[in-house]
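Below: the structure, in structure tokens.
The values are calculated or read from the model by the stated rules, or taken from the named source; none is laboratory data. What you are looking at is a predicted structure, and each value in this text was computed from that prediction instead of being measured. Backbone-built Cβ (ideal geometry, glycine too); neighbour counts: all protein chains shown. To get the accessible areas, we keep the full protein, side chains included, count just its heavy atoms, and leave off ligands, DNA and RNA. Shrake-Rupley method; radii C 1.70, N 1.55, O 1.52, S 1.80 Å.
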Amino acid sequence: MNCDILNALSDNILAGIIEACENYTVDDPAGTQNQHYIKLPFTTMEQKDWAIAVSLWLEHGAPLIKSLADRPCPSCGSSINRFLFFSYDGYPFSECGKCGCWFVPKTITASLFEQFFVSCPKARVLAGLMVEKRTFQTNIHDDVNRIGEYLGELRPFIETVSQNFSYLDVGCGLGHSLIAAQEHGFLPEGVEIDQTAVNLAQKKGLLICHPEAFNQSKPYGLISFWETMEHMNAPAEELKRYVQYLDDHGIIALTVPNLDSPIVRLLRGDCSYVFGGYNTSGHINLFNVNNMTELLGRTGLSLLCADVQFTDNPFELFSYLSGLHHGARDYLLNQGDNTTFTKTTEDILNLLWPSISLVYRLSLKLPILKIVACKKGKEHVFKEISNHYRGKILEDIIIKAQAIKGKNDILTMNDTLQSYYSDINMLNNELTNANNELTNAKRKLSYPLVKLACYVSKKLVSLKNGITRRT
């Protein structure tokens with residue numbers, strides 16, 4: 001089935017290249033210039049506020065990083081690593097010499113940012129604005145919909161195995177995940193380290209507490225870490241802490257930024273979501289499916305299923321590789337929002353990227369990695385539903401690949417019809433011209449005949465008058 005998908009996607013990619021080449025204007029190598037706005041991803045802050053916040057951190061906070069204690073690889077625990085690059089907010093990123101995980105080899109604590117806020121009160125104000133904006137209805141709606149989709153995918157695991165709908169979300173923020181869980185029939189609770197977020201969520205009546213106040217004895221059918229583990233100093237320890245509350249037939253679900261996303265691998269320190277943190281702990285751990293399998297194994301868990309979602313911005317990626325855009329560093333300078341491409345380049349990217357994105361999904365290369373896991377030794381319990389889950393992923397890829405192929409076929413048919421329409425118009429014009437020539441010919445032919453008829457008529461009149469006079 002995978003080969004069939006790849007063959008279909010390969011055909012779509014080749015068809016896109018051929019169509020783009022056929023539409024290429026040879027006598028205009030520069031091409032028509034189109035502008036594309038490359039927006040800042042994965043933040044609720046306005047770009048201007050974000051740039052100010054990062055600049056304040058670089059001036060007042062980044063110098064504090066050197067004094068932080070070292071830490072081992074968050075995935076496998078190895079202390080062997082090599083330096084890779086500095087992120088745009090001044091953090092060193094290293095690669096684990098054992099498992100290949102990328103991480104900041106420093107222990108990032110809340111005291112670091114408190115020290116920063118004391119020396120720069122303006123930064124604390126901006127951090128508060130970021131939290132406040134997360135309470136806007138549009139952000140709530142987006143979070144509830146996104147996490148609701150996750151829970152909809154996970155519900156069959158609970159229904160077919162444990163039937164325990166008690167749900168704990170670790171790192172739940174303002175509790176948007178709990179709202180989504182209520183809508184999907186779960187019994188949700190949350191844990192959040194940001195006390196401000198806890199207070200705001202509790203005012204809404206949500207069952208959320210600080211980790212220090214968490215003390216439950218009941219088992220949960222589902223424990224999730226949505227975009228949380230990339231922020232943790234010691235994710236293995238945090239997993240171990242909460243796995244003890246997992247039902248024997250329960251599941252762990254999590255999402256993290258994907259280390260294997262092309263935009264992460266290529267842009268590195270210029271990628272806007274590869275950062276250590278400028279007002280709270282950032283993405284200090286970057287995992288791929290192999291790193292995550294290693295981490296899960298250390299905590300008594302076994303990976304059941306993996307999927308990826310969203311897509312890289314092809315225009316950002318291409319403009320970076322072409323030297324037209326410099327990623328986060330351009331954002332900090334308030335530059336590079338608009339990048340200019342030729343129409344040919346734009347057509348090629350628009351035609352190819354949907355198929356390329358499906359190839360990336362099949363190979364787990366899209367920006368967000370989704371993981372479902374269970375306790376070791378319980379994999380057989382989830383075999384049927386796991387196979388169904390993976391089958392749904394392949395089915396979705398096939399449907400989208402066929403839709404792309406169908407779209408390409410429709411475009412080809414449309415081009416053919418346009419060609420026929422042009423031929424018909426040309427024939428119609430030729431018929432019109434021929435009809436005009438025939439009309440002109442008739443006019444030219446009828447003039448001497450009319451003239452002859454007038455001459456004959458005059459002669460007849462004259463002859464008649466002559467005969468009348470004689471009589």
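Inspect the stretch 251-258 for any residue being open to solvent by 30 Å² or more (accessible area, probe 1.4 Å) and modelled with pLDDT of 95 or more and give the result as yes or no.
There is no residue in the stretch 251-258 that is open to solvent by 30 Å² or more (accessible area, probe 1.4 Å) and modelled with pLDDT of 95 or more.
Going by the structure shown, is SER94 within 23 Å of ASN279 (Cα to Cα), open to solvent by less than 40 Å² (accessible area, probe 1.4 Å) and either at pLDDT 95 or above or part of a helix (DSSP H, G or I) (or both)?
Numbers: within 23 Å of ASN279 (Cα to Cα): yes; open to solvent by less than 40 Å² (accessible area, probe 1.4 Å): yes; either at pLDDT 95 or above or part of a helix (DSSP H, G or I) (or both): yes.
Against the criterion (within 23 Å of ASN279 (Cα to Cα), open to solvent by less than 40 Å² (accessible area, probe 1.4 Å) and either at pLDDT 95 or above or part of a helix (DSSP H, G or I) (or both)), SER94 qualifies.
Let me spell it out: the conditions are (1) in contact with a strand residue (DSSP E or B) (Cβ under 7 Å, 6 or more places away or on another chain); (2) of a type in the set (Val, Ile, Thr); (3) within 25 Å of LEU126 (Cα to Cα), and ILE223 meets all of them except one. Which number is the exception?
Tallying (1) in contact with a strand residue (DSSP E or B) (Cβ under 7 Å, 6 or more places away or on another chain); (2) of a type in the set (Val, Ile, Thr); (3) within 25 Å of LEU126 (Cα to Cα), ILE223 fails exactly one: (3).
Output yes when any residue across the stretch 335-353 is exposed (fewer than 15 other Cβ atoms within 10 Å of the Cβ), farther than 19 Å from ASN258 by Cα and in contact with a Phe, Trp or Tyr (Cβ under 9 Å, 6 or more places away or on another chain), and no when none is.
Yes, because at least one residue in the stretch 335-353 is exposed (fewer than 15 other Cβ atoms within 10 Å of the Cβ), farther than 19 Å from ASN258 by Cα and in contact with a Phe, Trp or Tyr (Cβ under 9 Å, 6 or more places away or on another chain).
For the stretch 279-311, name all the residues that are touching a helix residue (DSSP H, G or I) at 6+ places or on another chain (Cβ under 6 Å), without any contact (Cβ under 8 Å) to a residue 60 or more places away in the chain and surrounded by fewer than 22 Cβ atoms within 10 Å (Cβ to Cβ).
THR311
Please name all residue pairs, on different chains or six or more residues apart, with Cβ atoms under 8 Å, provided the first residue is in the stretch 69-82 and is within 15 Å of PRO235 (Cα to Cα) and among the small types (Gly, Ala, Ser) and the second residue is in a loop (DSSP other than H, G, I, E, B) and open to solvent by 100 Å² or more (accessible area, probe 1.4 Å).
Between residues of the stretch 69-82 that are within 15 Å of PRO235 (Cα to Cα) and among the small types (Gly, Ala, Ser) and residues that are in a loop (DSSP other than H, G, I, E, B) and open to solvent by 100 Å² or more (accessible area, probe 1.4 Å), the close pairs are SER78/LYS98.
Just to be sure I understand, how many residues within the stretch 101-147 are of a type in the set (Gly, Ala, Ser) and crowded, with 17+ Cβ neighbours inside 10 Å?
The number of residues fulfilling the criteria is 2.
So which of LYS376, LYS370, LYS365 is closer than 22 Å to SER302 by Cβ, of a type outside the set (Gly, Ala, Ser), at pLDDT 90 or above and open to solvent by 30 Å² or more (accessible area, probe 1.4 Å)?
The match here is LYS376.
Residue by residue through the stretch 157-174, note down the ones that are open to solvent by less than 40 Å² (accessible area, probe 1.4 Å) and part of a helix (DSSP H, G or I).
PHE157, ILE158, VAL161, SER162
Of all residues in the stretch 129-138, how many are in contact (Cβ under 8 Å) with a residue 24 or more places away in the chain, within 13 Å of ALA197 (Cβ to Cβ) and assigned to a helix (DSSP H, G or I)?
3
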